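The values are calculated or read from the model by the stated rules, or taken from the named source; none is laboratory data. Predicted model, so just to flag it, every value in this text is computed and none were measured. Cβ placement follows ideal geometry from the backbone for every residue including glycine, while neighbour counts extend to all protein chains displayed.
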Amino acid sequence: MKKRILNIMSIILLLTSSCLSAAENIRKVATWNMKWLGTNSGNQLDAVENVPEYAAYITKTGATLFALQEIGATYSVDGQPRCYYLDLIVNELNKGITSEGEQWKYILDGRNENQRLAFLYKQDQWSLSDTISITPGDSFNHIRRPFMAAVEAKGENAALKFNYINIHLKAMPEAEARQQRQLNIEQLANWLETNTNKLDDDVLISGDTNIYYGESGIDQPLKDIKYCCLYDPEKTAIFDGQLSQRFDRFFCSPGLKREIASAKKNVPKGKDIDVIKEDDADKISEFDENISDHFPVVLNIDVSQER
């Protein structure tokens, strides 16, 4: 009887260890439009006053790699673009982290004026290199060029490498804007297909797509090249204190589906991709006034998986 109990306990310990090990391999990647960070858009309070709230919210998401949109108020250090307000947020995030190799860092694009794109990441979790603004076609004007980085997961069991493309498509619901978004997607899909040999098998795309309800089929060109369109059914954009549209989305190459599917098996149901939002109407309104008119979306990825 003792032997049987011991065998059962061994199986339980083995399963527990296996589950813990699998959970350690899961990392969260986020996309977030920060609403013209540091630029007076006319309806947002001073970003400097809200630096602790920004940092707290970033920490709350659990993500360690972010694709950010609408970063404004830039300056330059040694020829590299910086954002004073993002500097303050990163300094807040790094309080208490004594090891420089474990601190947060960001890379800002140098092309998109006051609507710049950025990658924010924790250095002990991810390595980023070869960042570049790309121009998939003439529909991407000078403030809407995608920003791409070569990303590598760091850590004992980490094996994942992928290209991460940060996008911010044409805004507004008018017919002309919708046509430009359609052209944005078509040209991006064509660029991806044309540059397959230059990209990793694993490609992740995320950002503010500005795709409205009713624009069904606009992402079909990406599906035609076998990309998977990933989104949480919850809405992400805030208007008049309530959630309105599902603008913020992820897309992945066929090669990355394995890593995403593996993560999905190891997180609570429905949390493999999740809008990190407030539920209370007053808190939603406060978030809109002080932080952003978008909530971030978080995607889980298994970094131990690699083709």
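For (1) within 20 Å of residue 166 (Cα to Cα); (2) in contact with a strand residue (DSSP E or B) (Cβ under 9 Å, 6 or more places away or on another chain); (3) assigned to a strand (DSSP E or B), each residue gets a yes or a no:
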residue	(1), (2), (3)
46	no, no, no
49	no, no, no
53	no, no, no
59	no, no, no
63	yes, yes, no
67	yes, yes, yes
96	no, no, no
113	yes, yes, no
120	yes, yes, yes
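Restricted to strands (runs of 3 or more DSSP E) entirely inside the range 159-276, those with at least 3 residues that are under 20 Å from residue 302 (Cα atoms) and touching a residue at least 60 places away in the same chain (Cβ under 8 Å) are 161-168. Just one of the listed residues (207, 214) is among the small types (Gly, Ala, Ser) and either farther than 22 Å from residue 232 by Cβ or crowded, with 18+ Cβ neighbours inside 10 Å (or both), and it is 207. Of the residues making up the range 133-149, those that are part of a strand (DSSP E or B) and farther than 14 Å from residue 195 by Cα are 133, 147, 149. Taking the range 57-71 as the range and being out of contact with any Asp or Glu (no Cβ under 8 Å at 6 or more places or on another chain), within 16 Å of residue 112 (Cβ to Cβ) and either free of Cβ contacts under 8 Å to residues at least 60 places away in the same chain or not aliphatic (A, V, I, L, M) (or both) as the test, only 71 passes. So which residues in the range 277-294 are free of Cβ contacts under 8 Å to residues at least 60 places away in the same chain and in a loop (DSSP other than H, G, I, E, B)? 277, 278, 279, 280 - these are the residues of the range 277-294 that are free of Cβ contacts under 8 Å to residues at least 60 places away in the same chain and in a loop (DSSP other than H, G, I, E, B). Being modelled with pLDDT under 95, charged (D, E, K, R) and under 21 Å from residue 278 (Cα atoms) is a description that applies to residue 49.
Given the structure, is residue 143 within 17 Å of residue 171 (Cα to Cα) and surrounded by fewer than 16 Cβ atoms within 10 Å (Cβ to Cβ)? Against the criterion (within 17 Å of residue 171 (Cα to Cα) and surrounded by fewer than 16 Cβ atoms within 10 Å (Cβ to Cβ)), residue 143 qualifies.
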